[in-house]
Amino acid sequence: MPRPLRIEYARARYHVMSRGDRRETIFHDDADRQEFLRTLGQACFKTGWQVHAYCLMNNHFHLVLETPQPNLSVGMKWLLGTYTQRFNRRHRHWGHLFGGRYKAQLIDGRSAGYLRAACDYVHLNPVRAGMVRAGQNLEKFRWSSYPAYRHPKLRPGWLRLDRLLGEHGLEKDTARNRREFERRMKVACLEPGENESMRRGWRIGAEDFHDWLADKLARRGRKGERARERSETDAALAEKIVRGALSKARWREIDLRRQPKGHRVKVRIARQLRMQTPMNRQWIADRLRMGSPSYVSNLLASVDSKL
């Protein structure tokens, strides 16, 4: 049976979930969870993602996120691959960490209610798993975005709160509205039953959401054209960074050919590209005239080890 296509478009919203290989643990301790959140923050910085909710369990994680650019696949590839490398290095493991494809359900953003349903489902996951008892404060579970909704000091820069609070009718992030949000979630904790639409299917939305998506994607063209649109957006961002860095270094294009492959200016630009864009090492090596992708990796690893 063929796998369903990843549907990507600007400002799409998703409920994303990924499990450990054979449902094995992907977070052994709090250090692993902190590392995952750090990696997630880097992925958001690279892709522009806006996260509305997250929850880290023992053998899986949930995200509710929005993609200003159509780049879910490239961002998830980087997030899962990078966290796997860091997990394996820390625990001296090797091989796959995550099992199969991650699950990505599209969320209908045309009307209120569907984003709220997804975020509430994610925040209530510890209750359904028995890690927080019904009626207990959800803050008992540290590794979800719920505590950040309650306490501004806990909020990472990549977490966006206004959309979910708005769907609760809480337009301003005030202490009073945060208390009201807590009250509503306490009520939800008492009846955290399964939402069938969250567990099955590839979309969360109104009955005509499928038709709306079909019309939208038909206007944008075939899959190949959508992929090209996404790659052109990523490349445009990378080119902007390269041009800005060359100008700052008072270099011209010709200097990329004249200067050594491992020149510090090239290494600095390469590191900026790796941090801020999803462009791969082959693209960076070709664009900056740095030889092979492995040479770029060795240079960046050497720089990072000194930081």
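A single entry from 288, 299 fulfils the requirement of being closer than 22 Å to residue 43 by Cα and surrounded by 12 or more Cβ atoms within 10 Å (Cβ to Cβ): 299. In the stretch 99-119 there is no residue matching the filter, namely being touching a helix residue (DSSP H, G or I) at 6+ places or on another chain (Cβ under 9 Å), among the hydrophobic types (A, V, I, L, M, F, W, C), in the same structural domain as residue 21 (by TED's automatic domain parsing) and under 21 Å from residue 32 (Cα atoms). Just one of the listed residues (188, 148) is in a helix (DSSP H, G or I) and at pLDDT below 90, namely 188.
Results for (1) of a type in the set (Asp, Glu); (2) within 22 Å of residue 14 (Cα to Cα); (3) in the same structural domain as residue 54 (by TED's automatic domain parsing), shown as yes or no for each residue.
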{"residue": "123", "(1), (2), (3)": "no, yes, yes"}
{"residue": "147", "(1), (2), (3)": "no, yes, yes"}
{"residue": "151", "(1), (2), (3)": "no, no, yes"}
{"residue": "161", "(1), (2), (3)": "no, yes, yes"}
{"residue": "166", "(1), (2), (3)": "no, yes, yes"}
{"residue": "169", "(1), (2), (3)": "no, yes, yes"}
{"residue": "174", "(1), (2), (3)": "no, no, yes"}
{"residue": "180", "(1), (2), (3)": "yes, no, yes"}
{"residue": "187", "(1), (2), (3)": "no, no, yes"}
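The conditions are (1) modelled with pLDDT of 85 or more; (2) within 16 Å of residue 284 (Cβ to Cβ); (3) surrounded by fewer than 16 Cβ atoms within 10 Å (Cβ to Cβ), and residue 255 fails exactly one of them. Which is it? Just one mismatch for residue 255, condition (2). Every condition in (1) in contact (Cβ under 8 Å) with a residue 12 or more places away in the chain; (2) in a helix (DSSP H, G or I); (3) surrounded by fewer than 21 Cβ atoms within 10 Å (Cβ to Cβ); (4) at negative phi is met by residue 22 except one, and the failing one is (4).
Out of 67, 25, 39, one residue alone is closer than 22 Å to residue 163 by Cα, hydroxyl-bearing (Ser, Thr, Tyr) and out of contact with any Pro (no Cβ under 7 Å at 6 or more places or on another chain). It is 67. Inside the stretch 26-45, residues that are farther than 14 Å from residue 57 by Cβ and touching a residue at least 60 places away in the same chain (Cβ under 8 Å) make up a count of 5.
Name the residue that is nearest to residue 114 (Cα to Cα), counting only residues in the stretch 142-183 that are exposed (fewer than 14 other Cβ atoms within 10 Å of the Cβ) and within 23 Å of the chain's Cα centre (by Cα). The selected residue is 162.
Summed over the stretch 239-283, the residues that are part of a loop (DSSP other than H, G, I, E, B) and farther than 21 Å from residue 71 by Cα give a count of 9. Among the numbered conditions (1) modelled with pLDDT under 75; (2) of a type outside the set (A, V, I, L, M); (3) touching an Asp or Glu at 6+ places or on another chain (Cβ under 7 Å), the only one that residue 278 does not meet is (1).
The values are calculated or read from the model by the stated rules, or taken from the named source; none is laboratory data. Bear in mind that the values here come from a model prediction, so they are computed numbers and not experimental data. With ideal geometry, Cβ positions are generated from the backbone for all residues, glycine too; neighbour counts draw on all protein chains shown.
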